[in-house]
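Quick one: the structure is below, questions incoming.
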Amino acid sequence: MNLAGLKIGHATDEQFHTGCTVFLCPPNTVASVDVRGPAPGSREAMLLQPDKPIQYIQAVMLTGGSAFGLATADGAMRWLAEHDIGHPTPIRPIPLVPTAVVYDLFMNNGQHPPDAERGYEACQNARDTNVAQGNVGAGAGVTVGKWGGFQTIMKGGFGLHSMEVDGVVVGAGAVVNAIGDVVNVDGSVLAGARDANGRWLVEENPYRQFPNLPQTPVGTNTTLVVVFTNAKLTKIEVNRLAQRAHDGFAIAIRPVHTTHDGDTAYALATGQVEASFDLVANVAVEVVAEAIRNGVRAAAAVGPIPGLLSDT
């Protein structure tokens, strides 16, 4: 799978079902972000806005642990600094590591969230081939289908997908922690809310109305995506690419961008080939949707929470 010059690394706490995932960027990678949702947990998000002058970053970190997990960026900064990688300043290079979190504390009672050591470990594990998917890294403790209540959920995970069209590479990595169902291309449910007999709840509740009791608090569900390309794009175009990535969210998750979700999309352009922005954006929508689907396809059961990997 072509990662457009990036390397992706996981650090996974298998005992407490949490972890982090880093995207290490080649030099001169242009980045931006589009955040949607009521309670995002993030670091360096303002730096990536299109009106800010800094163009390049060195890594993106996706992590479990809610706001506690932001500490993983410290570990990534340490690893990058040891390799003399960072934004140049008069004194020393400063690694720029935008970070976003998912809320996975239900899996571990909030114990042992990912820390700086996990962030450092993820960088050590980064590779550009054979990147693991499913219950790894930031996907270790995530779930989907929570709109029907916690008794209906299934396991989410980390998914990856990329395509190459006429030399233009477009790919995406996704941490799938949605309140909604993940759906197939035809709109049928792939993984999501189901009853004790395995029947999809949407069959009796086509508008996916949440239960009367607030079983899923606001801000505890977030799907995170990093979409990447080898195209040469400006920071404004990269910001538009992050916006377009949310079309892929809407194709693969129902419902999406609800009051209960903090969905966030990063976009990275490594600047290796000339390409039409519209081609990159159109392909990005498809790869984001497929990365989200792959996140649940590769997810295994954890305790009583079923996963597609063990259900097939």
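Relative to the first principal axis of the alpha-carbon coordinates of the chain, what is the inclination of helix 235-252, with its axis defined by its Cα atoms, in degrees from 0 to 90 and to the nearest 10?
Computed tilt is about 20 degrees.
A follow-up question, please. Kindly provide log₁₀ I(q)/I(0) values, in the same order as q = 0.13, 0.15, 0.21 Å⁻¹, from the Debye equation applied to equal alpha-carbon scatterers of region 1-151.
Summing over Cα pairs of region 1-151 leads to -0.58, -0.76, -1.34.
What's the percent breakdown of Cα-Cα distances in region 43-120 across 10 Å bins, shortest bin first?
Reading the bins upward from 0: 20, 44, 27, 8, 1.
Based solely on its DSSP helices, what 222 nm [θ] is calculated for the chain when runs of n ≥ 4 H residues each add -39,500 (n - 2.57) and the sum is averaged over all residues, nearest 500 deg cm²/dmol?
Details: 5 runs with 63 residues, N = 312.
Taken over the chain, the calculation gives -6500 deg cm²/dmol.
So for the chain, Kirkwood radius off the Cα pairs, Stokes-Einstein at 37 °C and 0.692 mPa s: how many µm² s⁻¹?
174 µm²/s
What residue among Pro93, Pro114, Pro40 shows peak mean-square fluctuation when the chain is described by a Gaussian network model with Cα springs under 10 Å?
Top of the fluctuation ranking is Pro93.
Sticking with this one: Against the globular-protein guess of 2.2 N^0.38 Å, express the Cα radius of gyration of region 10-63 as a ratio, rounded to two decimals.
Normalised by 2.2 N^0.38 Å, the Cα Rg of region 10-63 equals 1.36.
Apply the Karplus parameterisation 6.51 cos²θ - 1.76 cosθ + 1.60, with θ equal to phi minus 60°, to every residue of region 224-233 and state each ³J(HN,Hα) to the nearest whole Hz, in sequence, with x for glycine and proline.
10, 9, 10, 9, 9, 8, 8, 6, 8, 9
Using 0.36 nm per residue, how much length does the chain from Ser310 to Asn130 gain when fully extended, once their Cα-Cα distance is taken away?
Full-extension gain reported as 62.7 nm.
Using only alpha carbon pairs under 8 Å that are at least six residues apart, calculate the relative contact order of the chain and give it in whole percent. Walk me through the numbers before you get to the answer.
On the way: 925 pairs, mean separation 74.3, N = 312.
Rounded, it is 24 percent for the chain.
Student exercise: in region 7-311, how many lysine pairs 8 or more apart or on different chains have Cα atoms under 29 Å apart? Write down the numbers at each step before the final one.
Values: Lys7/Lys52; Lys7/Lys155; Lys7/Lys232; Lys7/Lys235; Lys52/Lys232; Lys52/Lys235; Lys146/Lys155.
Lysine pairs meeting both conditions in region 7-311 amount to 7.
At 7 Å along Cα-to-Cβ for each site, give me the label-to-label distance between Met163 and His83 in nm.
The two pseudo-label positions are separated by 3.0 nm.
Can I ask one more? Taking the chain as the reference, fit the longest principal axis to its C-alpha atoms, fit the long axis of helix 277-297 to the helix C-alpha atoms, and give the angle between the two in degrees, 0 to 90, nearest 10.
Computed tilt is about 50 degrees.
FYI, it's all coordinate maths here, none of it is from the lab. Values in this document were obtained by computation on a predicted structure and should not be read as measured data. Glycine gets a Cβ as well: all are built from the backbone with ideal geometry, and neighbour counts include every protein chain shown.
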